[in-house]
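To start, the structure under review is shown below, and the notes come after it.
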Amino acid sequence: MKIEFDISSELDKVIREAASNCEGLRDDFDPQVRQADERFGDFQANGMLSYAKQTGQNPRELAQRLIDALPESNFWETSIAGPGFINFVLSSSFYYKWIEKFGNSSKLRQESRTDKPRKIVIDFSSPNTAKQMHVGHIRSTIIGESLARLLEFQGHEVIRDNHLGDWGTQFGILLYAIKREHISLDDLGPDPIASLENLYRQGTSWTKEDPVCLSQARKELVKLQNGDPENLNLWEKIREISMSSFHSIYKMLGVHFDHSYGESFYRDKVEPIYEKLLKHNICIIDEGALVVFHPEHKRFAKQPFIIRKSDGASNYATTDLATVEFRKKEWNADQIIYVTDGRQRDHFEQLFLTVKKWYAAENVDSPTLSHVWFGTILGEDNKAIKTRDGQPVKLIDLLTEATDRAQNMVIEKKPDLELSEVKKRAKKIGLGAVRYADLSQDRTLDYVFAWEKMLAMQGNTAPYLQYAVARIHSIFRKAEIEPLDIPPTSYFPTSESERKLARKLLFFPIVLKQTTKELKPHFLGGYLYELATEFSSFYNQSKVMVEDKNIMHLRLLLCARTLHLMEIGTEILGIETLEEM
RNA sequence: GCUCCUGUAGUUCAAUGGAUAGAACAUUGGUCUCCGGAACCGAAGAUCUGGGUUCGACUCCCAGCGGGAGCGCCA
């Protein structure tokens with residue numbers, strides 16, 4: 001067996017090869033190599049059980065035959081257990097060689113790169129302009145950024161596109177309110193976006209109370225959409241004010257975009273869509289609106305996908321179609337990933353079906369369309385946090401609270417630290433905690449927003465990961481050696497804590513693969529937590545700086561590799577690490 | 001009404017159809033001459049109910065019960 005980065009796929013290859021020369025096993029045999037429970041070994045092949053059953057053979061006998069057919073190797077010990085599991089226990093020398101070979105950061109990055117790079121557009125964050133971002137926006141922003149980093153890490157070309165809600169009906173109301181109050185957008189006070197949001201709220205209540213106001217607001221919207229210079233100018237300023245407020249949050253979170261085209265960008269690109277879909281008989285006119293039905297689909301045979309309203313106006317279905325077209329034509333995207341709330345699943349399913357038919361009719365390859373959806377953040381009433389009812393927590397307040405709390409903790413631990421350094425650390429710790437709170441759980445789950453939860457800093461949290469990293473840095477400072485300069489050693493991972501830590505390192509490629517396949521960052525988060533736990537345990541049981549240089553160098557090597565994987569992993573999640581904390 | 005998601009320790013969450021369901025918080029007992037105690041080691045504690053498929057089910061299928069969401073002109 002070769003020492004490959006992804007041990008499970010190498011093992012799979014070796015077993016299949018052996019199986020091909022093995023009586024009773026054919027080409028369709030799937031070894032089902034899995035990460036094994038610690039009690040049984042490092043990897044296990046489960047494929048015998050089902051295969052033996054199907055072919056009417058004895059699984060244990062078959063397993064024995066397969067083991068006999070495996071090439072001689074001093075890298076593992078095999079055994080048959082239970083009804084026919086094959087367990088592989090990797091040798092200490094294998095552990096050492098793997099860690100030695102894939103140790104340094106650049107090597108790890110290189111090994112993680114795909115051999116088929118794709119151009120992938122990630123559509124995420126996408127707040128509405130004229131409003132502040134609130135906690136409901138955090139998931140798309142954080143998950144999207146993390147996926148972007150994950151895919152970039154593997155060598156894909158990622159285009160981050162912030163699909164702003166900058167052309168909605170909210171502008172009618174807002175423009176009406178601005179004019180009624182004779183507001184100057186150049187003089188909105190210290191917090192312009194908050195002023196705009198208040199103005200919008202004010203306008204909403206006016207239009208609700210008085211039909212005359214409502215019709216005035218509608219007129220302002222129509223004027224805007226018809227290109228009225230005054231309204232267009234106001235709209236542009238509102239967009240600028242909004243962008244600048246978004247930008248300050250993105251900057252804190254280390255999020256950036258390549259484009260922020262938004263819905264307004266597509267407003268003059270919808271006509272051809274109607275024409276094409278009509279031409280291909282994909283849509284029909286129904287109750288005055290242009291809609292798409294999918295007769296083959298149990299739900300969408302009757303549930304319409306409205307692409308043009310009965311008043312002739314476009315809606316988000318239209319712009320989404322135009323957006324796909326733009327990303328395909330202009331960017332030649334291989335894949336588009338939409339990171340949105342799960343409540344939009346029907347919409348995207350309909351969108352994807354429609355695109356598929358449209359492109360098939362025109363005989364062009366459709367990009368792979370993926371809806372990466374996440375659960376709703378709920379208020380205490382178990383309903384989605386909404387802008388209208390009550391006061392939703394502003395995102396900036398959450399982030400500020402997080403850094404404030406972290407700052408108190410830092411000061412408590414290190415009272416003599418300079419304030420600028422305190423703030424620097426507090427920012428990484430507090431924002432890391434918020435981020436990890438979201439990324440460490442399966443994105444498809446809803447959760448009730450709770451300060452304590454978002455700001456937790458004990459247990460399975462970002463500060464725990466950061467603490468492990470800081471301790472490793474501390475070891476290297478004390479040892480006065482660089483993580484990449486560790487001399488070779490003849491001592492291999494032997495003690496329980498050494499083996500357990502080494503073993504955890506080996507699984508990184510598998511976790512990375514799973515995270516990518518599912519586009520679920522919590523797999524990576526869970527792994528990093530386990531790795532940090534394994535390290536902490538190792539740290540307590542095995543002193544690194546010992547007399548015996550062989551032992552010390554092996555332990556330093558384990559520390560160095562842990563450090564690299566922790567740094568790579570946290571970087572993908574967007575969590576910053578510290579050398580001291 | 002139709003469709004989708006969801007139900008795991010007291011609480012918040014894990015678990016590509018695999019062996020004795022794994023953590024955190026809270027509760028509780030230890031470690032305190034240690035390279036950083038933001039830590040480590042231990043105890044106690046859970047798969048909504050009933051069927052089915054399978055050698056094997058938290059996982060897949062069916063039914064029921066509980067929670068949530070979507071379903072024609074918001075996004």
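The values are calculated or read from the model by the stated rules, or taken from the named source; none is laboratory data. Computed from a predicted model, the values in this text were never measured in an experiment. Using ideal geometry, Cβ is built from the backbone for each residue, glycine included, and neighbour counts are taken over all protein chains shown.
Total residues in the stretch A:138-170 satisfying the condition of being among the small types (Gly, Ala, Ser), part of a helix (DSSP H, G or I) and more than 16 Å from residue A:437 (Cβ to Cβ): the figure is 2.
In contact with an Asp or Glu (Cβ under 6 Å, 6 or more places away or on another chain) and either in a helix (DSSP H, G or I) or basic (Lys, Arg) (or both): does that describe residue A:509? The answer is yes for residue A:509. Scanning the stretch A:28-45 for residues that are more than 10 Å from RNA strand B (Cβ to nearest atom) and more than 32 Å from the chain's Cα centre (by Cα), we see that the one that is surrounded by the most Cβ atoms within 10 Å (Cβ to Cβ) is A:29. If you go through the stretch A:42-65 and pick out every residue that is touching a strand residue (DSSP E or B) at 6+ places or on another chain (Cβ under 7 Å) and closer than 17 Å to residue A:14 by Cα, you end up with 8.
Being exposed (fewer than 13 other Cβ atoms within 10 Å of the Cβ) and either within 9 Å of RNA strand B (Cβ to nearest atom) or under 14 Å from residue A:18 (Cβ atoms) (or both) is the filter here; which residues of the stretch A:54-72 pass it? Within the stretch A:54-72, A:54, A:68, A:71, A:72 qualify.
Annotation note: Cβ proximity below 7 Å between a residue of the stretch A:218-241 that is farther than 19 Å from residue A:194 by Cβ and modelled with pLDDT under 95 and a residue that is small (Gly, Ala, Ser) and surrounded by 15 or more Cβ atoms within 10 Å (Cβ to Cβ) (sequence gap 6+ or interchain) occurs for A:218/A:172; A:220/A:172; A:221/A:172. Within the stretch A:11-31, the residues that satisfy the criterion of being within 25 Å of residue A:74 (Cβ to Cβ) and either not assigned by TED's automatic domain parsing to the domain that holds residue A:44 or not in a helix (DSSP H, G or I) (or both) are A:21, A:22, A:25, A:31. Restricting A:1, A:48 to those that are crowded, with 16+ Cβ neighbours inside 10 Å, away from RNA strand B (no atom under 16 Å from the Cβ) and closer than 27 Å to residue A:503 by Cβ reduces the list to A:1. When every residue of the stretch A:558-565 is checked against the conditions, at least one turns out to be touching a residue at least 24 places away in the same chain (Cβ under 8 Å), buried (at least 19 other Cβ atoms within 10 Å of the Cβ), farther than 30 Å from residue A:374 by Cα and more than 14 Å from RNA strand B (Cβ to nearest atom).
Looking at A:512, A:484, just one residue is surrounded by 19 or more Cβ atoms within 10 Å (Cβ to Cβ) and not aromatic (Phe, Trp, Tyr), and that residue is A:512. Listed by first and then second residue, the pairs linking a residue in the stretch A:269-295 that is not assigned by TED's automatic domain parsing to the domain that holds residue A:325 to a residue that is assigned to a helix (DSSP H, G or I) and among the small types (Gly, Ala, Ser), with Cβ atoms under 6 Å apart and 6 or more places separating them unless they lie on different chains, form an empty list. Consider residue A:472 carefully, then state whether it is of a type outside the set (D, E, K, R), near RNA strand B (Cβ under 7 Å from one of its atoms), touching a residue at least 60 places away in the same chain (Cβ under 8 Å) and at negative phi. When the stated conditions are applied, residue A:472 does not pass them. Please note which helices (runs of 4 or more DSSP H) are completely contained in the stretch A:370-476 and include at least 3 residues that are crowded, with 20+ Cβ neighbours inside 10 Å. Correct list: A:395-413, A:419-439. Exactly one residue among A:185, A:175 is outside any helix (DSSP H, G or I), modelled with pLDDT of 90 or more, out of contact with any strand residue (DSSP E or B) (no Cβ under 8 Å at 6 or more places or on another chain) and surrounded by 15 or more Cβ atoms within 10 Å (Cβ to Cβ), and that residue is A:185.
Of all residues in the stretch A:536-547, none are under 18 Å from residue A:101 (Cα atoms) and in the same structural domain as residue A:516 (by TED's automatic domain parsing).
The residue that is farthest from RNA strand B (Cβ to nearest atom), counting only those in the stretch A:274-296 that are farther than 13 Å from residue A:357 by Cα and not charged (D, E, K, R), is A:274.
Listed here are the residues, each with its yes/no results for (1) near RNA strand B (Cβ under 10 Å from one of its atoms); (2) within 15 Å of residue A:42 (Cβ to Cβ); (3) buried (at least 19 other Cβ atoms within 10 Å of the Cβ).
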| residue | (1), (2), (3) |
| --- | --- |
| A:495 | no, no, no |
| A:506 | no, yes, yes |
| A:518 | yes, no, no |
| A:533 | yes, no, no |
| A:537 | yes, no, no |
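Residues that are within 13 Å of RNA strand B (Cβ to nearest atom) and crowded, with 19+ Cβ neighbours inside 10 Å are absent from the stretch A:94-104 altogether.
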